[in-house]
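The values are calculated or read from the model by the stated rules, or taken from the named source; none is laboratory data. In this text the structure is predicted, and so the values were computed from the model without any measurement. Every residue, glycine among them, receives a Cβ derived from its backbone with ideal geometry; neighbour counts consider all protein chains shown. Areas reflect the complete protein model, heavy atoms only, side chains present, ligands, DNA and RNA absent. Shrake-Rupley method; radii C 1.70, N 1.55, O 1.52, S 1.80 Å.
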2 protein chains.
Amino acid sequence: MKETVDPRYAIAPQIFRALRQAIVTMELLPGQALSEKEIAAAFGVSRQPVREAFIKLGEARLVRILPQRGTFVVRISLSDVANARFVREAVEVAVARAACSIASNDAQARLADLVTAQAAAASAGDHRGFLALDEEFHRTLAEAVDCPTAWPIVEDVKAQMDRVRYLSLPEASPMSRLIEQHGAILAAIARRDPDAAAAAMRTHLSEILIALPRLARANPDLFDDSDLPAHATLGMARQ
Amino acid sequence: MKETVDPRYAIAPQIFRALRQAIVTMELLPGQALSEKEIAAAFGVSRQPVREAFIKLGEARLVRILPQRGTFVVRISLSDVANARFVREAVEVAVARAACSIASNDAQARLADLVTAQAAAASAGDHRGFLALDEEFHRTLAEAVDCPTAWPIVEDVKAQMDRVRYLSLPEASPMSRLIEQHGAILAAIARRDPDAAAAAMRTHLSEILIALPRLARANPDLFDDSDLPAHATLGMARQ
DNA sequence: AAAACCATACTACCATACCAGTTATCGGGC
DNA sequence: GCCCGATAACTGGTATGGTAGTATGGTTTT
């Protein structure tokens, strides 16, 4: 591994983002040991900022830090994914509802542009670009309701879900359906219908539940089988 | 300041909790400069764990870290409080709804005990103990719906609101009303009425909005007047 | 041969040292 | 007296060293 950081900015957050990306994209597999020393050497920095990145990864439950033993990428936990989905749905449904009241025309136009760009990425078969635009759609929506602090929280929990998404990338991912869902959310916001916006967002964020059981069965080595699937209600909570 | 830590456990989180508590309880006032070196000396540890605590406090937006300049307790930001309230309401309303489906009788009994204990604390005039029990009530509720990761998130954003609560402590705080609200939430859960539980939770978490404008006007030096009150809808978002 | 033990090589954590950038102070010139 | 510049005293960020604890593998003992 030969990575690089920009010394003009704080190093620790850069290491954190790089490692999170590597974990989410399955470049670093569950069980993999992460050595402070090795990572530091790979990035050409000292161990200290790497350690700070480890701590944040541990809080996001992407790695497990065992004092005096090591730091390891954790297996995908069905209950962690369900918990993340629960929190994300709670926050983003509330955001979608709020957007019906206060989203400006300008913000709606930006969101529409993002959906258009997603369609372009989809027809170009650019999965990575599509996922980046998806992320930007949700972030923009959070900003549109003047709730900037909601996004970092969603971003944190989202990592648990994204790992599953990247796992399902190789097979045909129904990008067109996700685009339709974004469109439905926008349409509901445009006609200021909070119930419809909430329902559309809920449907969108439940998409992951479809492939999850099959993925878990197909990749038992990547999943933590010690945790029973979280109580079904968590995945299906209806408000 | 002469604080103490237990060297048998990781030091950084202890420092973090101690400082957060000090900030939330207004022991450390907005504008106060926090020196890594001074705090380290006060706790009898090195600067390193103090630095890690600062980073977490910065993420919680309780302090502002200015590189090469200093770390300062931030003033209470009305928009930060509104944002925190928005996220907390979103998550806890979802928790309350889920509780209607899956909260065990055992969990409900524990929650009822906590409300009873709160009543005792209230009649004893023990504000601090009351607040601790309030926190435990909400944490127990999150555990009751098998969503343990929801609580740390709520705990994080809650700090912004708690600072306002402690500010309003000197004046008569309507503990009886808060107890009634907890009771209403529990009653709705007991009769498995998610809409009622959600409404009761929403009412409970909107309580802060009543005193907030007056507190901001009465303590202009503690509040950040640069940020306009967040869009009114954020405080009143109805799902 | 099997089991217990110990040396070794890791680990994360904390402490310390060093660095770069900011601020405040103080002295000198106008 | 006021302004401006050099400098000293901070700050947080990074690098490095030291310590205690944990796996591991080879050796010794039973």
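Observations on the structure shown:
- Screening A:Cys147 on (1) surrounded by 20 or more Cβ atoms within 10 Å (Cβ to Cβ); (2) under 13 Å from the mean Cα position of the chain (by Cα) shows it passes everything except condition (2).
- Elements of the type helices (runs of 4 or more DSSP H) sitting completely within the stretch B:1-63 and holding at least 3 residues that are open to solvent by 40 Å² or more (accessible area, probe 1.4 Å) and within 12 Å of DNA strand D (Cβ to nearest atom): these cover B:36-43, B:47-59.
- Looking only at the stretch A:64-81, residues that are more than 15 Å from A:Asp162 (Cβ to Cβ), surrounded by 15 or more Cβ atoms within 10 Å (Cβ to Cβ), within 11 Å of chain B (Cβ to nearest Cβ) and of a type outside the set (Ser, Thr, Tyr) come to 1 in all.
- Residue in the stretch A:90-113 that is surrounded by 15 or more Cβ atoms within 10 Å (Cβ to Cβ) and among the basic types (Lys, Arg) present: yes
- Number of the condition not met by A:Asp6 [criteria: (1) within 11 Å of chain B (Cβ to nearest Cβ); (2) more than 11 Å from DNA strand C (Cβ to nearest atom); (3) not hydroxyl-bearing (Ser, Thr, Tyr)]: (1)
- Test for B:Lys56: is it over 16 Å from the mean Cα position of the chain (by Cα), under 24 Å from B:Ala12 (Cβ atoms) and not β-branched (Val, Ile, Thr): no
- The set of residues from the stretch A:46-63 being more than 10 Å from every other protein chain (Cβ to nearest Cβ) and within 10 Å of DNA strand C (Cβ to nearest atom) comprises A:Ser46, A:Arg47, A:Val50, A:Phe54, A:Gly58, A:Val63.
- Residue list for the stretch A:64-89, restricted to those being within 15 Å of DNA strand C (Cβ to nearest atom) and among the aromatic types (Phe, Trp, Tyr): A:Phe72
- Picking from residues in the stretch A:150-179 that are free of Cβ contacts under 8 Å to residues at least 40 places away in the same chain and over 16 Å from the mean Cα position of the chain (by Cα), the one that is nearest to the other protein chains (Cβ to nearest Cβ) is A:Arg177.
- The listed residue being farther than 15 Å from B:Leu111 by Cα and either touching a helix residue (DSSP H, G or I) at 6+ places or on another chain (Cβ under 8 Å) or surrounded by 20 or more Cβ atoms within 10 Å (Cβ to Cβ) (or both), out of B:Asp193, B:Asp134, B:Asp221, B:Asp126: B:Asp193
- Scanning the stretch B:94-108 for residues that are within 7 Å of chain A (Cβ to nearest Cβ) and aliphatic (A, V, I, L, M) gives B:Ala94, B:Ala98, B:Ile102.
- Selection status of B:Ser206, at pLDDT below 95, touching a helix residue (DSSP H, G or I) at 6+ places or on another chain (Cβ under 6 Å) and in the same structural domain as B:Ile102 (by TED's automatic domain parsing): no
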